[in-house]
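Written out below as structure tokens is the structure these notes cover.
The values are calculated or read from the model by the stated rules, or taken from the named source; none is laboratory data. Bear in mind the structure is a predicted one, so any value in this text is a computation, not a measurement. Here the Cβ positions follow ideal geometry from the backbone for every residue, glycine too, while neighbour counts run over all protein chains shown. Just so you know, the surface numbers come from the protein's heavy atoms only, side chains and all, with ligands and any DNA or RNA stripped out. Shrake-Rupley method; radii C 1.70, N 1.55, O 1.52, S 1.80 Å.
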Amino acid sequence: MKRTKVIDALKRTDFGSEITVKGWVRSKRGSKGIFFIALNDGSTIKNVQIVGEDQNFDEEVVKLITTGACLSVTGVLVESPAAGQSSEIQAREIEVLGPCDNTYPLQKKGASWEYLRTVAHMRPRTNTFGAILRIRHNMAMAIHTYFHEHGFYYFHTPLITASDCEGAGNMFQVTTKNLYDLKKDDEGKIDYSDDFFGEQVALTVSGQLEGELGATALGQIYTFGPTFRAENSNTPRHLAEFWMIEPEMAFYDKQDLMDLEEDFIKYCVRWALDNCRDDLEFLNKMVDKTLLERLEGVLKEDFVRLPYTEGIEILQEAIRQGKKFEFPCQWGDDLASEHERYLVEEHFKKPVIMTDYPKEIKAFYMKMNEDGRTMQGTDVLFPQIGEIIGGSVREESYEKLMAEIDRRGMETEKLQWYLDTRRWGSCPHAGFGLGFERLILFVTGMQNIRDVIPFPRTPKNCMF
Ligand code: 4AD
Ligand code: MG
């Protein structure tokens, strides 16, 4: 018999019909010769209840129906007397497709997040991770749909590159060289001429530089792919491998850019509320009781647009009033997430787009303001998260960009192709990067970024 997914089975009202469902046992309980199985197949957070009488089944089969086992169940769809579910299945035939013994690591309820990370190959089978992963899929769909509907083209940028976009120097090298026998030149430097690409290359930290090439041809593009950063940040907000969405738009100024950032992120949050209701309600109950309220709150508010310099003044005033921060926040300091969260959660109580940062804490490609000290960055700061988007207007003047590159002592040899955009038909343009996992953190209410990606990569951890 054709299998019905649990999500569809729960909607059916043709009681009395025969039905087959397949899935994994979440729990089994029984009394007086009757057993009840909660079966889940991942199509929804909800389980379908299977009811059976011991006497109708082989004793050996009933014994194999344990938490985690995979079953195929055929029976009759009946209206459920139990509260909170409309239908259940009276089992006629049960086949144990995959038995599961008592070493199964998800036997007990209430396992800690830390423990579940050690069994990340199995944790998608828990209710919470099922919900998170369905939401993650939905956010990817929201992102593609948003850009497609707004006339952006999905532009594929390379993962292996010779350029360090953010200039932070925390790249993972890619090589086919024998690391036990490295060829070196007279000065003791590694000679890459016999390496696969004939030069030193690494995994990309951002698709932006190539994205700019796309925008200056197709008008508006976006990238959506994995990026890699070898920063030794053991924080709940950093991964060594994370997914980033980077739209880049020709002819956008700072105002257009901020409008897009706000509209885009609200669209994603609205999509979650419209399409992931069951999963969000589950998370709201089990993980974070203020989640739905916070998601709806973001939609209602206009984001505050706050120049960095004013942000520093607010933080300094807070310190004068007795607020204590771990890290300094003088003009010129890169804000720590405690500062960002103070502004968003305590001072304004709504998302903030912070603009016009000191040039010393931002990347070389940002457009310089008239003052010569600040750059047209536009980061979006969110409650619970801190920075969720990093964006900027790009410097389109060849001379100004070169002056900044020289000032920083950067090598231009490997950036010629990028500089060509400023030589041949340069145009004003702007773009931003949204950290996909930070968006998922916000939308799920989870606290640690390791718990919103199936298999996290962090310092000293590359399991699964
Ligand atoms: O602010 P970032 O470094 O900006 C860029 O990479 C620009 N090239 C983007 C652009 O303008 N096209 O990173 C962008 C976002 C951050 O705001 C944050 O959400 C996320 O990427 N992010 C990380 N997420 C998880 N783990 C990390 N290690 C991250 N580093 C940045
Ligand atoms: Mg940033």
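Computed quantities for the displayed model
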| quantity | calculated |
| --- | --- |
| Enumerated helices (runs of 4 or more DSSP H) restricted to the stretch 392-450, each holding at least 2 residues that are away from ligand 1 (no atom under 16 Å from the Cβ), touching a helix residue (DSSP H, G or I) at 6+ places or on another chain (Cβ under 8 Å) and at negative phi | 398-407, 416-423 |
| Counted residues, the stretch 147-183 - those being modelled with pLDDT of 95 or more and within 16 Å of ligand 1 (Cβ to nearest atom) | 12 |
| Answer from ASP288, ASP263 - the residue that is at pLDDT 95 or above and under 18 Å from GLU149 (Cα atoms) | ASP263 |
| Per-region count, the stretch 229-261, residues open to solvent by less than 20 Å² (accessible area, probe 1.4 Å) and not in a loop (DSSP other than H, G, I, E, B) | 11 |
| Boolean, THR458 is in contact (Cβ under 8 Å) with a residue 60 or more places away in the chain, over 18 Å from PRO236 (Cα atoms) and either away from ligand 1 (no atom under 16 Å from the Cβ) or within 15 Å of the chain's Cα centre (by Cα) (or both) | no |
| All helices (runs of 4 or more DSSP H) inside the stretch 276-389 with 3 or more residues being farther than 27 Å from MET139 by Cα | 308-320 |
| All positions within the stretch 366-378 that are free of Cβ contacts under 8 Å to residues at least 40 places away in the same chain, of a type outside the set (Lys, Arg) and either over 14 Å from THR309 (Cα atoms) or open to solvent by 10 Å² or more (accessible area, probe 1.4 Å) (or both) | MET366, MET368, ASN369, GLU370, ASP371, GLY372 |
| Residue count for the stretch 272-300, restricted to those that are polar (S, T, N, Q) and exposed (fewer than 14 other Cβ atoms within 10 Å of the Cβ) | 1 |
| Among the residues listed as SER17, SER80, SER87, the single one being open to solvent by less than 50 Å² (accessible area, probe 1.4 Å) and modelled with pLDDT of 95 or more | SER17 |
| Residues (of a type in the set (A, V, I, L, M, F, W, C), assigned to a strand (DSSP E or B) and open to solvent by 70 Å² or more (accessible area, probe 1.4 Å)) located in the stretch 160-207 | ILE160 |
| Sole exception among (1) away from ligand 1 (no atom under 16 Å from the Cβ); (2) open to solvent by 70 Å² or more (accessible area, probe 1.4 Å); (3) free of Cβ contacts under 8 Å to residues at least 40 places away in the same chain for ARG305, by number | (3) |
| Test: GLY211 is over 24 Å from GLY425 (Cα atoms) and either more than 16 Å from ligand 2 (Cβ to nearest atom) or outside any strand (DSSP E or B) (or both) | no |
| Any pair with Cβ under 6 angstrom, 6 or more apart, that starts in the stretch 348-365 at a residue that is closer than 16 Å to GLY433 by Cα and modelled with pLDDT of 95 or more and ends at one that is open to solvent by 20 Å² or more (accessible area, probe 1.4 Å) and among the acidic types (Asp, Glu) | ALA363/GLU166 |
| Restricting the stretch 317-345 to residues that are surrounded by fewer than 18 Cβ atoms within 10 Å (Cβ to Cβ) and among the small types (Gly, Ala, Ser), the residue that is nearest to ARG373 (Cα to Cα) | GLY332 |
| Condition check for GLU404: open to solvent by 60 Å² or more (accessible area, probe 1.4 Å) and not basic (Lys, Arg) | no |
| Scope the stretch 380-391; condition β-branched (Val, Ile, Thr) and within 6 Å of ligand 1 (Cβ to nearest atom); matching residues | ILE388, ILE389 |
